[in-house]
Structures are given as structure tokens and as C-alpha cells.
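A.B. asks: First the structure, then my questions, so here it is.
Nothing in this text is a laboratory measurement; each read-out follows from the coordinates by a stated rule. Everything quoted here is computed from the prediction, not taken from an experiment. So basically every Cβ, Gly included, is an ideal-geometry build from the backbone, and we count neighbours across all protein chains shown.
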Amino acid sequence: MWIRPTGRRRTERMRIIEGQLVARDMRFVIVAARFNDLIVRNLVDGAVDALKRHGAAETDIHVVRVPGAFELPLAAHRLARLRRYDAIVALGAVIRGQTPHFDFVCTECAAGLNRVSLEFEVPVGFGVLTCDTVDQAMDRAGGKGGNKGADAVLAALEMASLLRQLEG
């Protein structure tokens, strides 16, 4: 409770606005890299399952495949420009190798997806794994580390719900 300087008590409560995890009546697109497909396929499965569990109709879920994580921002940009989707979920897996290629791909992928979200004011769930080993990636794609595809969906869903509330 907040006390006014005059000594009178203010009894109103602050309003908290937050997104809900309800996917009903929303459209989603999952943009998924084909590179490291064994891992990404698990991320896609986790993402689709999470959407369905939270009320999304299968007809409101689209999946677009791109060659690799570096191509995710361009596809997300084009899809965001269409303004058909309440949220975009980007899924991929980049495994560190012996060259700096890993750093360039990860940095540009993350920055590009962030730009899409800000430019078009659409949530972009970031489900791109950036791991040192294949085992780490498998752990995060349905193994003991959970499924980061599902986690990316939940973040995008919550933000889509929040943005709807902030419109009105």
C-alpha cells in the first residue's frame, strides 16, 4: 500500500499486464533450418506439440524450412511482412566447429531475428541452439535439457498475447 504525503491512504492496486499461454484463434509460423536436421526435427516436434497443447488448431500452424540458421532471418522477415501470423518461431542448431564460422552464423542469426521482431512488431521466438557439441544440442532438443523448440513457442505465444492486450 502506498501512503500519500497528505496522510490519506491510497487503496487502488497497480495493474499488471502480462501475456497468457492460450494459442486459440492465433496463427503461427515455425521457420526451421534443415542443417542439423536430426536435432531441428526434434525442436519442431516440441514446438508443434506445445502449440497444440495450448490450444492452437493444426490449420493455424505453418512450417517453413530453410537451408540453415543463417537463412532464418530472411525467411522470418518475408513472413513478418505478410502480417498473417501472430508470432514467428525460429528453430535451428549451430554446433561449434574448429573455425570462427560458428560465431558469425550465431551472431547474424540472432541479430537478424531481433531486427525482424522490432521492425514488424511481431514476436519471434528464438529457438536456435548454439552449442559446443552435438550431445549438448540433443540434450536441448528433447533430451534432459528439455525442448528449446517448445520453450521458444511459449515465449512467442506469451508475447503475442501481451501485444494483443497492449493494442486495446
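A.B. asks: Using 0.36 nm times the number of residues separating Asp49 and Arg13, minus their current alpha carbon distance, what extension gain do you get?
C.D. replies: Numbers: separation 36, 0.36 × 36 = 12.96 nm, distance 3.72 nm.
Residue separation times 0.36 nm, minus the Cα-Cα distance, leaves 9.2 nm.
A.B. asks: State to the nearest 20 debye the size of the charge dipole of region 15-168 about its Cα centre, where the only charges are +1 on K and R beta carbons and -1 on D and E beta carbons.
C.D. replies: With only Lys, Arg, Asp and Glu charged at Cβ, the dipole is about 280 debye.
A.B. asks: Can you list residues from other chains, or at least 5 along the same chain, whose modelled amide H is less than 5 Å from the amide H of Gly145?
C.D. replies: Sorted by chain and number, the residues that satisfy this are Arg140.
A.B. asks: Right, here's the next one. Normalised radius of gyration for region 35-121, please: alpha carbon Rg relative to 2.2 N^0.38 Å, two decimal places.
C.D. replies: Taking N as the residue count of region 35-121, the ratio is 1.15.
A.B. asks: What's the longest piece of the chain with no exposed GluC sites (Glu not before Pro), counting a site as exposed if DSSP puts it in a loop and it has at most 14 other beta carbons within 10 Å?
C.D. replies: That gives 19-120 as the longest site-free run.
A.B. asks: Summing -39500 (n - 2.57) over the DSSP H runs of n ≥ 4 in the chain and dividing by its residue number, what mean residue ellipticity at 222 nm do you reach, to the nearest 500 deg cm²/dmol?
C.D. replies: Working: 5 runs with 75 residues, N = 168.
The helix-only estimate for the chain comes to -14500 deg cm²/dmol at 222 nm.
A.B. asks: At a threshold of 8 angstrom on Cα-Cα distance, excluding pairs fewer than six apart, so keeping six or more, what relative contact order does region 50-168 reach in percent?
C.D. replies: 28
A.B. asks: Also, I was wondering about something else. Tell me, Lys148, Lys52 in order of fewest to most beta-carbon neighbours within 10 Å?
C.D. replies: Least to most surrounded, the residues fall as Lys52, Lys148.
A.B. asks: Set the Förster distance to 41 Å, then compute FRET efficiency between Val134 and Val22 from the Cβ-Cβ distance, nearest 0.05. Can you show the working numbers first?
C.D. replies: Values: r = 35 Å, r/R0 = 0.86.
Using R0 = 41 Å, I get an efficiency of 0.70.
A.B. asks: Looking at the chain, send over the antiparallel percent of its DSSP beta bridges, to the nearest 5.
C.D. replies: Antiparallel bridges make up about 15 percent of those DSSP assigns within the chain.
A.B. asks: Once a ≥ b ≥ c are taken as the square roots of the eigenvalues of the Cα gyration tensor of the chain, is the result rounded (a/c under 1.5), prolate (a/b larger than b/c) or oblate (a/b not larger than b/c)? Write out the running numbers ahead of the final one.
C.D. replies: Numbers: a/c = 2.05, a/b = 1.80, b/c = 1.14.
Prolate, since a/c reaches 1.5 and a/b exceeds b/c.
A.B. asks: While we're here: Of Leu166, Val31, Val64, which is farthest along the charge dipole of the chain in the positive direction, counting Lys and Arg as +1 and Asp and Glu as -1 at C-beta?
C.D. replies: Result: Leu166.
A.B. asks: From the Cα gyration tensor of region 104-168, with a ≥ b ≥ c the square roots of its eigenvalues, which class applies: rounded if a/c is under 1.5, or else prolate if a/b is larger than b/c, or else oblate?
C.D. replies: oblate
A.B. asks: Work out the length of the dipole vector of region 89-137 about its Cα centre, built from +1 on the beta-carbon of each Lys and Arg and -1 on the beta-carbon of each Asp and Glu, and round it to the nearest 20 debye.
C.D. replies: That gives a dipole near 40 debye.
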